[in-house]
1. Out of the residues in segment 132-155 that are crowded, with 20+ Cβ neighbours inside 10 Å and among the aliphatic types (A, V, I, L, M), which is nearest to Asp26 (Cα to Cα)?
2. Report the residue count in segment 78-119 for those that are of a type outside the set (S, T, N, Q), more than 16 Å from Cys61 (Cβ to Cβ) and under 17 Å from the mean Cα position of the chain (by Cα).
3. Quick check: is even one residue across segment 46-53 modelled with pLDDT of 90 or more and touching a helix residue (DSSP H, G or I) at 6+ places or on another chain (Cβ under 6 Å)?
4. Could you list, in sequence order, the residues of segment 87-130 that are among the aliphatic types (A, V, I, L, M), surrounded by 15 or more Cβ atoms within 10 Å (Cβ to Cβ) and under 22 Å from Thr28 (Cβ atoms)?
5. Please identify the pairs in which a residue from segment 139-161 that is under 13 Å from Pro121 (Cβ atoms) has its Cβ atom under 9 Å from the Cβ atom of a residue that is part of a loop (DSSP other than H, G, I, E, B) and of a type in the set (A, V, I, L, M), counting only partners at least 6 apart or on another chain.
6. May I ask you to list the residues in segment 157-172 that are open to solvent by 90 Å² or more (accessible area, probe 1.4 Å) and either at positive phi or not acidic (Asp, Glu) (or both)?
7. Find the residue count for segment 72-105, including only residues that are small (Gly, Ala, Ser) and either outside any loop (DSSP other than H, G, I, E, B) or touching a Leu at 6+ places or on another chain (Cβ under 9 Å) (or both).
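The values are calculated or read from the model by the stated rules, or taken from the named source; none is laboratory data. No experiment lies behind these values; they were computed from the predicted model shown. Using ideal geometry, Cβ is built from the backbone for each residue, glycine included, and neighbour counts are taken over all protein chains shown. Accessible surface is based on the protein model in full, side chains and every heavy atom, while ligands, DNA and RNA are left aside. Shrake-Rupley method; radii C 1.70, N 1.55, O 1.52, S 1.80 Å.
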Amino acid sequence: MKTHILALFVLLFLSQGLMAQEKVKDFTLPAVGDEKPFVLSEAKGKYVALHFLLKTECPYCIRHTNDYVEETAGLDDVIQVFIKPDSDEEIKEWAENLEVEDGFTIYRDIDAQLADELGVPGGYSFHNQLVHYPALILIGPDGKERYRYIGKKNSDRLSVKKFMTVLENLKK
């Protein structure tokens, strides 16, 4: 029995490692407001950090977004893409709590389609709804997934410091 469990964990670990090397299928995310949509294929040659945020009323999402926008502003080879599954109106109301002035856009993942396509697990209970877990997926300049972090709860996010370490190691 222990051998089977160990084999299952090894297989799961290896499959996640392989998954992180697959080319991500091109996608488009609508922007909130009058901003231009995000199209993955237009980001060739850059890293793309996809931040899957929870539904509206998420204070950890506010802090996470503020931290990343402020602390990664000088990274010219990384595009930070903040994604929420809410309506335009809900996201606009949520964004009023951000400390960041301008210079970034919030994108919509309508019905969490992209989260599903990229294998972000669902089933997290938040405000009496089942939603996807908070996640960060980093896509390399070649269009392949290079790293993913799935939070176990609302406050479990990849810190900017850890993100910078991951990025630095990938660039070696």
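1. The selected residue is Ile139.
2. The qualifying residues number 9.
3. Scanning segment 46-53 turns up at least one residue that is modelled with pLDDT of 90 or more and touching a helix residue (DSSP H, G or I) at 6+ places or on another chain (Cβ under 6 Å).
4. Selection gives Ile91, Ala95, Ile106, Ala112, Leu114, Ala115, Leu118, Val120.
5. Listed by first residue and then by second, the contacts come to Arg148/Ala20; Arg148/Leu118; Arg148/Val120; Tyr149/Leu158; Ile150/Val120; Gly151/Leu158.
6. Lys161, Lys162, Lys171, Lys172
7. Looking only at that region, the number is 1.
Listed here are the residues, each with its yes/no results for (1) part of a helix (DSSP H, G or I); (2) without any contact (Cβ under 8 Å) to a residue 40 or more places away in the chain.
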residue: Asp34; (1), (2): no, yes
residue: Glu42; (1), (2): yes, yes
residue: Val48; (1), (2): no, no
residue: His51; (1), (2): no, no
residue: Leu54; (1), (2): no, no
residue: Glu57; (1), (2): no, no
residue: Ile62; (1), (2): yes, yes
residue: Glu70; (1), (2): yes, yes
